[in-house]
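Here is the structure we will look at.
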Number of protein chains: 2
Amino acid sequence: MSKSSPAPSLSSQLAVSGHVDLTTFDSRATTGFDGKKADAAKALAAIGEELDGLQEKLFAGGRSGASPTKVLLVLQGMDTSGKGGIVRHVAGLVDPQGLSITSFKKPTATELEHDFLWRIENALPEPGMIGIFDRSHYEDVLIGKVRHLVDDDEISRRYIAINDFERSFRASGGVIVKCFLHITPDDQKERLAARLDDPTKYWKYNAGDLDERALWDDYQDAYAVALERCSTGNGAWHVVPSGRKWYRNWAVATLLLEQLRALDLQWPAADFDVEAEKARLAAM
Amino acid sequence: MSKSSPAPSLSSQLAVSGHVDLTTFDSRATTGFDGKKADAAKALAAIGEELDGLQEKLFAGGRSGASPTKVLLVLQGMDTSGKGGIVRHVAGLVDPQGLSITSFKKPTATELEHDFLWRIENALPEPGMIGIFDRSHYEDVLIGKVRHLVDDDEISRRYIAINDFERSFRASGGVIVKCFLHITPDDQKERLAARLDDPTKYWKYNAGDLDERALWDDYQDAYAVALERCSTGNGAWHVVPSGRKWYRNWAVATLLLEQLRALDLQWPAADFDVEAEKARLAAM
């Protein structure tokens, strides 16, 4: 690639806009990756090095009180699409001290007493942190819709609330990177079968997974609506081809890297008199 | 080393028992490490691989509800002793999803309204997790004593409360690994000077650090008491020579590994009918 014509960002290649039809996406695409599987580990390590440096700068800004900036990575996708794998392989590239990871389960009784965004707001990253949501507020318009947990009016209200909420997070210095990990029913079948074939993976399997699988098309429809309605100026949704795990990891790491680069992070200035402190220390 | 006479565990070599005099410890010792600095990165990577596997098993047990086991790594030490470095380089060896990291600062107004253990109990790791405390309940008998924040009777009460609390955590399936990162005033001087010489490190520097430094001997005395009184059957204190960062990281990783090995972790059994699920999946 010549420097005079930079490649388009991966974000611009994977972001959706307008009408979304998930059947037109290839789960095994390797969009934007210039190489094969064997090249991916090296590419990911290189991204990791840069990510790690930027994350430290982000963290420094928050810790010192110099900057309100924080980053939120939202991961959604069907079972086995790789949300946990992203946490391990992408989040694992940076200092865990700067991560705040929340895995959202079925709401508890206490959570159900509050608005659906209550537990989400409580889990937002502080300044300087990279928050990771393994599932998120989007569950409340996905399973909520598919399982008819609430009526259509409530789903409509929730969409408005989600866009308001994301706008407010952005206004407070937050950056959201939203990734839908796209797999096909065949990809999932293979991965669930692998879990059932391996006693060291039984713990990842829930009988309920197949009940959700039976509703595949309904979920895809609900996802398409969510991706369409919430790809706003507060953060577009990206459809990340996730049929190949190595590509999925590379792609999400790259999306995160692009966002961190764009923040133009700076080391905080000293909030003390450097020369005076040097003199004090020398005397001790 | 021959298999017939296994080396003593690092824990047994670094654990304190009886009277503690910190002036007799060498901060630049490399106890138990068979090699030089150049060998440490490879050794740490090998530990990381085994730690990562054991951590996944621990996590699986907690996530599946099969086991109440959890691990807590308590890090204490003077400024620059490397508590943050341990989080980055040791905790960074495992899946961040299985970590729950808490960095304890000066108590907030809300925290001060409660007993000193309140915020600690709220931060304890859930089953399956590795919790890391960057500073801990020990601050309340260290700075509490040195700065005369409370009287001696209260310090005595707190020691009893701490041992009770650790006993109760252990009874609930918790394992505590306590590490005092030992450095000398010269080690600290060098590291503080490095922070003052490097604008990318200013954010790590607080003018208050020198006020604490001025009380070095008082802190060492307070630490000696804490290490003596709380090296109980619920978890001994280890004095980790921390004048060499590479040794410090290797040693804490090894202490954690030894504890995880000793747990004899097992993959949870399936809580569903494996063959029936295979048949259901095949039909979908």
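The values are calculated or read from the model by the stated rules, or taken from the named source; none is laboratory data. Note that this is a predicted model, so its numbers are computed, not measured. When we count neighbours, we look across all protein chains shown, and the Cβ atoms used for this are built from the backbone with ideal geometry, even at glycine.
Structure data summary
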| read-out | value |
| --- | --- |
| Tally, over segment B:127-165, of residues that are part of a helix (DSSP H, G or I), surrounded by 16 or more Cβ atoms within 10 Å (Cβ to Cβ) and of a type in the set (K, R) | 2 |
| Which numbered condition A:R63 fails, given (1) closer than 19 Å to A:E126 by Cα; (2) within 22 Å of the chain's Cα centre (by Cα); (3) not β-branched (V, I, T) | (2) |
| Of all residues making up segment B:138-165, the number that are closer than 24 Å to B:S12 by Cα and free of Cβ contacts under 8 Å to residues at least 60 places away in the same chain | 2 |
| Which numbered condition A:F116 misses (of (1) among the aromatic types (F, W, Y); (2) away from chain B (no Cβ under 13 Å); (3) part of a strand (DSSP E or B)) | (3) |
| Scan of segment B:86-113 for residues that are assigned to a loop (DSSP other than H, G, I, E, B) and over 15 Å from the mean Cα position of the chain (by Cα), ordered by number | B:D95, B:K105, B:K106, B:P107, B:T108, B:E113 |
| Exclusive hit being modelled with pLDDT of 95 or more, within 12 Å of A:M78 (Cβ to Cβ) and within 14 Å of another protein chain (Cβ to nearest Cβ), set A:D198, A:D209, A:D217 | A:D217 |
| Among residues of segment A:119-137, those that are more than 14 Å from chain B (Cβ to nearest Cβ) and in contact (Cβ under 8 Å) with a residue 24 or more places away in the chain, counted | 5 |
| Residue list for segment B:244-266, filter: surrounded by 15 or more Cβ atoms within 10 Å (Cβ to Cβ) and assigned to a loop (DSSP other than H, G, I, E, B) | B:R244, B:L263, B:L265 |
| Scope segment B:171-200; condition within 22 Å of B:I132 (Cβ to Cβ) and either without any contact (Cβ under 8 Å) to a residue 24 or more places away in the chain or assigned to a loop (DSSP other than H, G, I, E, B) (or both); matching residues | B:A171, B:S172, B:G173, B:I183 |
| A:T108 vs. criteria within 14 Å of another protein chain (Cβ to nearest Cβ), in contact (Cβ under 8 Å) with a residue 12 or more places away in the chain and more than 29 Å from A:L263 (Cα to Cα) | no |
| Extreme residue, nearest to B:P268 (Cα to Cα), among residues of segment B:43-69 that are touching a Gly at 6+ places or on another chain (Cβ under 6 Å), assigned to a helix (DSSP H, G or I) and not aromatic (F, W, Y) | B:G61 |
| Residue match in segment A:98-105 (condition: touching a Pro at 6+ places or on another chain (Cβ under 9 Å) and under 30 Å from A:W216 (Cβ atoms)) | yes |
| Of residues in segment A:169-194 being surrounded by fewer than 21 Cβ atoms within 10 Å (Cβ to Cβ) and within 9 Å of chain B (Cβ to nearest Cβ), the one farthest from A:R261 (Cα to Cα) | A:A193 |
| Unmet criterion (only one of (1) buried (at least 18 other Cβ atoms within 10 Å of the Cβ); (2) closer than 30 Å to A:R195 by Cα; (3) more than 14 Å from chain A (Cβ to nearest Cβ)) for B:V74 | (2) |
| Conditions (1) in contact (Cβ under 8 Å) with a residue 12 or more places away in the chain; (2) not in a strand (DSSP E or B): number failed by A:S168 | (1) |
| Test for B:L124: is it touching a Phe, Trp or Tyr at 6+ places or on another chain (Cβ under 7 Å), of a type outside the set (D, E, K, R) and surrounded by fewer than 20 Cβ atoms within 10 Å (Cβ to Cβ) | yes |
| Among the candidates A:Y219, A:Y202, A:Y223, A:Y247, residue that is aromatic (F, W, Y) and within 18 Å of A:R28 (Cα to Cα) | A:Y247 |
